Each structure stands twice: as structure tokens, then as C-alpha cells.
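Chemist: Before we start, here is the structure in question, set down as C-alpha cells.
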Amino acid sequence: MSDAACFHCGEPIPRGVDFFIRIESTPRALCCRGCQAVAQAIVDNGLADYYKNRTQLPQRGHELLPAELEQLRLYDHPQIQKSFVLESGAHLKQAVLILEGITCAACVWLNERHLLQLPGVKSVQVNYGSHRARVSWDEREINLSRILAEIQLLGYQAHPYNAQSAAALREKRHKKDLRRLAIAGISAAQVMMFAVALYAGAWYGMEAGTAGLLRWASLTLTLPVMFYAAQPFYSAAGSALRSRHLNMDVPVVIALVSAFVGSVYNTLLGAGHVYFDAISMFTLFLLGTRLLEQNARERSVEAAENLLKLAPAMATRVSDAGQQCVPVLELIPGDRLLVKPGEAFPADGTVESGASAVDEALLTGESRPVAKLVGSGVIAGSINLDSPLTMIVTGIGEHTVLASIVRMLDHALAEKPRLAQLADRVSGYFTWALLGVTLLVGLAWWAVEADRAFEIVLALLVVTCPCALSLAAPAALAAAGSHLLRRGVLITRGHALETLAQVTRVVFDKTGTLTVGKPVLQATQALAELDAARCLQLAASLEQASEHPLAQPFLACVKPTELLPVSDARNELGRGVSGDVEGRRYYIGRTELAGHVTQSSTDSGMTQVWLADESRLLARFELADALRNDAKALVDMLKARGMKLSILSGDDPATVRHIGDQLGIDDCRGGLKPADKLAALQAMQAAGEVVMMLGDGVNDAPVLAAAQVSLAMGGGTQVARATSDIVLLSERLPEVGHALNVSRLAMSIMRQNFAWAIAYNLIAVPVAALGLVSPWLAAIGMSASSLIVVVNALRLR
């Protein structure tokens, strides 16, 4: 083997191998034909800046063999794509892939740029934290197998995302982190015992041979810490230096390496201080703090991914041939499934027959079972509790509610709020300032007391590690997002929490937001000798022939077995329904009926429907879109916080006014078109208001998109959910008030974390610079500051 390393992957180049590529007129040696092909593709596509910006080396590229290509082509099969490919438009498909081998931001940049240059690839988003790539392509121009092959040629492995494989990768990384932490902990415990003996020997006296033995024992126990446990710090610092910027790992590595080299030198001399205790403790505390932070950051991702694990792998399909147990991957929309008590629903669908209660707690946060009747929608992953149900499949794979939740969460994780971006910039500047101050302090002590210069510089580097500053915002955001998701509130945009804390006005749509979105019979008034029950029975019987939305409230109040037969039923446009019942002609409607003039007053917010025969009015029915049971509680909660409230609705102004009076909202505007709603919202914003909009319909989408922060009801339209910043999965309105509380607490905790990190460093820097802190004490101080930040953030959980 030669000493030369491959320019692309960093592997040693075997002797006699002669592969090169010319970059900016400079020949670069490569280890194999695969790396040559990858490097040539990068240069030919104008992506040579990848080699300047990358912070870690990729896996070795290789040429794809025919067998591998054939295996990748399997992913083009429609039956296989059903489980993970979403059709987002005509001939437009979208898939989520797991990328293995991502080591730094340059890897993300390379994959995104390279794939976007392929004909037919419309968009690529790679999430560095989760290693998930969301790719959209036109199937007429390119196949998924070609995309996977291009990724593999770059030296990365791509395969369709599923929650189980992602959890397995995360578990593997978690175990490795725990091993490093355990090694650092065991070493720190043993080395500290030797350190106590050395400190006592320095004070009371100790034989040189004994002191030397303790130093060598400490060195031996510190080797696994330096060369295994601390490896993540070296990788991150090397990545930063290769990309020509500093991160918080750079001073960490400088402190570790300098302390180790100095301690080894003094051990060889047999005199002087050794800092093996500080090295072990520093590494232990730093690894522990970062593990806590990583767990908090991943909690929101795991909460959503755990939902995907709820869907079973097998389903009971019902056909003319009987019942058959089939894989969920084989299901198609329209299939009839039998779901027994205790089983999870394998797909989204509607109930065809049966009645039962369903547990949707893990999906929506609703702790009480939800009744499901014929026609009710069911969600994949929810659990049937009481009775068998037969369902019709409407969505599978990427077309389920569960998959849409993960897609929205991906979008949120890809964004960083303003405070988090500020923290990243400040920690970068702080690192430069720290190194500058450390250099000046070292020179000053070298001039004053050279023997102590090294110890003081080391303590200063350790005690001022900017970990707490960098963790201040991410730890709080992750904990808040995880907490809200468990309450049925899904944050879909990175800025939502920060903006939510600043809201001064809340704007509601009426229908489907403050109300249930369906008319309900409120009152029945008999006007002749027939009693109210008989009038309701006649009305429901007539409405059997109507498809008007106002027919459903009558049919819901009368059992199907009590409906009377109707002959010669007629739907009269704009007037109502007429028909013969038991030999007599009856009419039901809202306008002129059989010569009787009726007036539908909406002063009370009610819709009036009349029942008549050929000679007289028999009854008056009042219907209204009922308020949600918890709407008043939310309004009272918001008013107690001093929020300004408005209702902007397209419904009749009198009806909107009636709803406003019931809730105690003064600013109620009805009869608005989507453009009118948008103009009203923009006028509020122009007056300096920070507006949160709550809506659920297609007509609310423009206003949801224009508001500073928007919330869509979980049962609303797909368009409304796609344009909102927050989705209320549980549809429990008081959770909106809770989300406002959590957002304000999250911002408060972030400010506390920033204040603590800044105050700590303002105190620690001069104290360490004056030589009042030893390196081991500095390690405890640094770790304690980071731990305080993380534990403070975990209060949000």
C-alpha cells in the first residue's frame, strides 16, 4: 500500500493503481474506477465546490453491477411503490428516502445539487438531522431506480423510508453513544481516584516511584477516552476546519489534545502536573450533556414516527370468495376489510357496516373513544375497541393521515426559527472570541508566571466551551414540539412557536372551526293539531327523497324503521320537497309552500324550515350549525389573556352575529368572500397586529397563508392543512390556548437559557483567566452550565 490517499473518499491508494481527475488544472489521485466516475460526475456537473465545502469524507464510490441495477429497477414497480410513493400531481411522484453515509452538510449539498440536475427531478430536500430525503420527480422523464442509482454512484446508499428502519438506525447510533459514555464514565471514576492520591501526595509527600506509577495508570485508562469516546468531537472539529469555519467542537478538541499531550510529556519526564482526570471528566460530562440534548431533539421526530408503527403489516380482506389475510402492501383503494375488536385499522377508510368505538388517542390526543357508525371515517393505526367493523379502503401508504403528519413534520424540522439561527451565529463568533482571549491570556501568563500558563489556558478553554449557548434554543424547541404533539397539536413550520408567542389577535372562521360544520335541529314548534313528534316523523319521511344538506338533521332524529313510505316525491328547486304520505300531500321547505307564504327569519341565527299540507302550516323547525362544546371555553381563555378576537365568515351576517353574541365576540363579519377575508386580515396586520388565523376550509387557505401564524383543524381540508403552520389533530379547541401558553413558556425558557449561558461565560472567563479555576473544576463548570440549559428546556415536556 502507498501513503497516498484518494482525493474523493480518503482511502489509501494501492500501489500500481493509476486513476486521476483534474480539478482546477490540478491532477488529483483516486483509488478506484468507482471514485473516478463519481469525481468526474461531480466536476462535469459544475459541483467541484463540494470538495472545498465538505467536512467529512464520503463512502467509496463504485460502479453498479447489472444485478444491482436490476434490483433497483424493482422500485419502479407500481405495486411496490404503493407503500411509499405519493402521487402529488399529474405524472408527478414524491417519495421519502433514507440516505446512509451522510456525514456533513456538504454531503447534503452534493446530493441535492446532483439530483436536481437530472432531467425530470423537480425538487430535493435532504434533512441533515434525520438523513431523510424527500424527492419529487416526473415519471415521464425519469424513474425512481435511476434516482437511486445516481445516489449510489455518489457513494451513498438510498432506500425507501419506513419508521422501523429509521428507528433501527437511530437505535444503533444511540447504543454507540452509550458505549462511548460508559467508557468515559468508567475511566473518569478510576482516574479521579488516582488523581486524589496524586493531589494528596503533592501536599503530604509521595515517593517518586509511586507517583510515576499512578501517572502511567492514569495515562493507560485515559487512552480509550481520547481515542474512542472523544471521537465525535474530533470528527466535528475536523469537519469545521476543512470547511473553513469554527464550531464549538474546535476549542473542545484543542483543550483535549493539548491536555493529553502535556500530560503525556510530564508523565515521560516523571514530574509536573498531569490532567488525565480533567480529560476524562470533561469528555464524560460533555458526552452526557449532548446525549440528553440529542434525546430531547429526537423526541418530536420519534413521536411522529411512532405513529407510523401503529399500522399493522397484515389485513383481513373481504371478497366474494370469503375472508383472506393479506399484506397491507397489497391493498388498493376500494378494498373491503374486516377489522375485529382489538385490531388496528390497516389503512384509512370509511365504515361500510357495523358500529363500534375507536381509540384514536395516539393520533389525535383524544383520550376518549370515538364512536364510529356507517359512513364514519377511520384512520390507519387507530384501534377498534368494541365490535367488528367492515371498512372500505380510501388511503394506503403515503396517502394516509399518518404519512401526511410525518411529511408536515419533515417540513417543520427543515426550518429554523429566528432565535435558533441567531444562536448558531453567536456561538460561531463566540468561538473566535474565545480563542482570541485564550491566546492573549496565555501570552500574559507566560510573561508573568510561565509555569502556570498551560494550566490556565487549558482551564479557560474548557470552562468557556460554548455548548450551553448552542443548546439554548434547539433544546427548548424540541421539547415544546414533542409536548404539543402528545396533546394533539402538530407544529408544521419552524417559526410557528416563536410567532405564536407574539400573537395579539386571533381570527376565527365560523363554520367547522367554532361550529361543528353541520346543521342540527334545534327546535320543533307544532302549529296545528299534530304533535311535534308526528310532525318530525312526516318531515324526515319527506326528506328521504332529498340530497340537500338540511335533510340530514331530520333523518338523524328519526329511526329508519319509523320512516313512513312516500309516493310521488318531488324535489322542487328553491322551494323544498313534496310527497304523498298515507294518501295526503305534504310539503317541507323554506319558501312558498302550496300557496302558504313563509318568512325565514335569521335574526336569531337560525334557519327556519316549514312543514305544511295542502291547506295549512303544520310545524316550524329551527336549525343551526351548533357551536362546538369547547368553543366558549377557548374564547373565555383568550379574552382572559387580553387577546383581541374576530370572526371572518362567508355565512349570513345575522347568523355570524348570533354566533358572536353566544361567544362574546364583538368583531363579527359575515358574507365575506375569500378576497374580503384577506383584505380584512391585511388591514389588521397594517395596524400592527400579530394575527393568528384558525380555519378549516378551502376558502380559508389564502387567509391561513397570509396570517403571521395559522392553525387548521385536523378534520379540515387538505389545502387548509397544507397552508397552515399548526394543525390541531385533536380538534379540541382549548388546546389552542394551551399551545399559546407553551409557546410563551418556550420563548421564556430560551431567553433564560441565553441569559444563563451569557452570564456564566461573563463570570467564568475572568475567573479562569485569573487562574482561580483548575482544569478538572472547569470541566465540571462547563458541563453543569450545559446540563442546566437542557434540564431547563425539559420542563416543557
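The values are calculated or read from the model by the stated rules, or taken from the named source; none is laboratory data. As the structure is a prediction and not an experimental result, all values here were calculated from the model. Cβ coordinates were reconstructed from backbone atoms using ideal geometry, including for glycine residues, and neighbour counts include every protein chain displayed. Note: accessible area is taken over every heavy atom of the protein model, side chains too, but ligands, DNA and RNA are not part of it. Shrake-Rupley method; radii C 1.70, N 1.55, O 1.52, S 1.80 Å.
Chemist: If amide H atoms are built 1.01 Å from N in the plane of the peptide, which residues on other chains or at least 5 residues away come under 5 Å of the amide H of residue 314?
Modeler: For residue 314, the qualifying residues are 328.
Chemist: At residue 616 and residue 353, where each label point lies 7 Å from the Cα along Cα→Cβ, what is the point-to-point distance in nanometres?
Modeler: The answer from the label model is 4.6 nm.
Chemist: For the residue pair residue 376 and residue 5, what label-to-label distance in nm results when each label sits 7 Å from Cα along the Cα-to-beta-carbon direction?
Modeler: So the label points at residue 376 and residue 5 sit 6.2 nm apart.
Chemist: Can you tell me the order of 636-646, 620-630, 727-737, 170-180 when each peptide is scored by its average per-residue count of other Cβ atoms within 10 angstrom, highest first?
Modeler: Per-residue mean Cβ counts within 10 Å order the peptides as 727-737, 620-630, 636-646, 170-180.
Chemist: What ranking do 518-527, 257-266, 455-464 get when scored by the average of other Cβ atoms within 10 Å per residue, highest first?
Modeler: By packing density, highest mean first, the sequence is 455-464, 257-266, 518-527.
Chemist: What share of Cα pairs, in percent, lie more than 28 angstrom apart in the stretch 652-797?
Modeler: 44
Chemist: Further question on the same structure: Averaged over all directions, how much area does the convex hull of the C-alpha atoms of the stretch 604-660 cover when projected, in nm²?
Modeler: Over every viewing direction, the Cα hull of the stretch 604-660 projects on average to 5.3 nm².
Chemist: Something else: At a probe size of 1.4 Å, how large is the accessible area of residue 495, to the nearest 10 Å²?
Modeler: Taking all protein chains as shown, residue 495 has close to 60 Å².
Chemist: How far apart, in nm, are the 7 Å Cα→Cβ label points at residue 23 and residue 759?
Modeler: 4.8
Chemist: Still on this structure, I have one more. Mind listing P(r) for the stretch 316-395? All alpha-carbon pairs, 10 Å bins, whole percents.
Modeler: Whole-percent P(r) values from 0 Å outward: 20, 57, 21, 2.
Chemist: Measure out, as a whole number of angstrom, how far apart the alpha-carbon centroids of the stretch 617-666 and the stretch 118-154 sit.
Modeler: First find each Cα centre; the distance between them is then 48 Å.
Chemist: Right, next: Compactness ratio of the stretch 83-161: Cα Rg over 2.2 N^0.38 Å, N = residue count?
Modeler: Working it through for the stretch 83-161, the quotient is 1.00.
Chemist: So, one more: Measure up 518/677; 644/677; 510/644; 518/673; 559/673 against 27 Å on the Cα-Cα distance and list the ones that go over.
Modeler: 559/673
Chemist: Hey, with R₀ at 60 Å, roughly what FRET efficiency would residue 686 and residue 179 work out to, going by the Cβ-Cβ distance, to 0.05?
Modeler: The pair residue 686/residue 179 has a calculated efficiency of 0.55.
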